[in-house]
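Okay, structure first, notes after.
The values are calculated or read from the model by the stated rules, or taken from the named source; none is laboratory data. All values derive from a computational prediction rather than experimental measurement. Every residue, glycine among them, receives a Cβ derived from its backbone with ideal geometry; neighbour counts consider all protein chains shown. All accessible areas refer to the heavy atoms of the entire protein, side chains included, with ligands and DNA or RNA removed. Shrake-Rupley method; radii C 1.70, N 1.55, O 1.52, S 1.80 Å.
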Amino acid sequence: MQDWALQTFHISGVLYAPSKKLLLFAVMCLYVFIHSFISHKEFRFLAPLLPLSSVYAGYFCSKIAAAKWQLAVFVGLVVINAPVALYTSVVHQRGTLDVMRYLDGEAQLGYVKSVLFLMPCHSTPVYSHFHHNISLRLLDCSPSLEPGYVPEDDQFFSNPAKWLGERYTAVEKQLPSHLVMFDPVVQDVMPFIDQHNYSQAAIFFHSHFPEGLAGRTVAVYYR
């Protein structure tokens with residue numbers, strides 16, 4: 001993701017660029033306009049624009065290269081971006097990584113038989129951090145052209161209790177040994193947890209700024 005301060009460079013560069021050099025900017029605007037109509041949006045869809053926007057940042061940098069306040073701009077970039085980079089790299093949204101390290105350690109001790117992740121798609125790195133031949137069940141969000149198709153993750157979050165009840169019977173061997181979820185879901189899943197005698201094994205901090213279906217913490221339950 002682009003640094004906030006560098007956004008100023010890109011925008012200012014458009015203002016400094018010669019009018020005949022604005023074709024790339026027009027392409028960028030068209031790209032964003034077209035992708036605005038797509039129902040499924042992700043930040044990574046904007047990644048192809050970074051090299052193009054950097055061209056305009058270069059125009060702005062060339063203007064300040066000989067300016068007396070060049071050092072002040074550099075110091076400002078460091079002061080603004082260093083704390084943000086440190087926070088987003090070390091603290092923000094770390095729970096989904098910490099939980100995989102925890103499960104990996106528990107699996108080494110033989111405590112993990114199977115895991116059910118009741119989380120939005122792609123929330124955890126899964127097997128890149130978990131190196132065991134153990135089933136990890138994630139909610140499916142695969143697209144489909146079938147009319148009326150509802151992805152599995154949408155089915156779950158619309159009614160967690162119903163989804164769990166339909167897929168897991170009282171047969172003990174079918175139940176996962178561990179459940180992993182964000183804290184907003186815990187209350188909805190609690191009847192299932194109590195019914196099958198799950199206990200909280202661990203809880204991990206995830207974010208000070210939860211968004212969407214993600215929460216502040218990641219909870220692990222085991223049986």
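Which residues, counting only those in region 106-121, are exposed (fewer than 12 other Cβ atoms within 10 Å of the Cβ) and assigned to a loop (DSSP other than H, G, I, E, B)? The answer is Leu109, Gly110. Filtered by the rule that a residue be open to solvent by less than 70 Å² (accessible area, probe 1.4 Å) and outside any helix (DSSP H, G or I), region 71-93 gives Val91, His92. When each of Leu97, Leu103, Leu50 is tested for being of a type in the set (A, V, I, L, M), under 30 Å from Pro125 (Cβ atoms), in contact (Cβ under 8 Å) with a residue 60 or more places away in the chain and assigned to a helix (DSSP H, G or I), the lone residue that passes is Leu103. Where the second residue is in a loop (DSSP other than H, G, I, E, B) and not small (Gly, Ala, Ser) and the first is more than 10 Å from Tyr59 (Cβ to Cβ) and lies in region 9-24, which pairs have Cβ atoms under 8 Å and are six or more apart or on separate chains? So the pair list comes out empty. Filtered by the rule that a residue be part of a loop (DSSP other than H, G, I, E, B), farther than 27 Å from Ile38 by Cβ, open to solvent by less than 80 Å² (accessible area, probe 1.4 Å) and not aliphatic (A, V, I, L, M), region 122-147 gives His129, Phe130, His132. If you check Tyr149 against the conditions, is it under 25 Å from the mean Cα position of the chain (by Cα) and modelled with pLDDT under 90? So Tyr149 passes the test.
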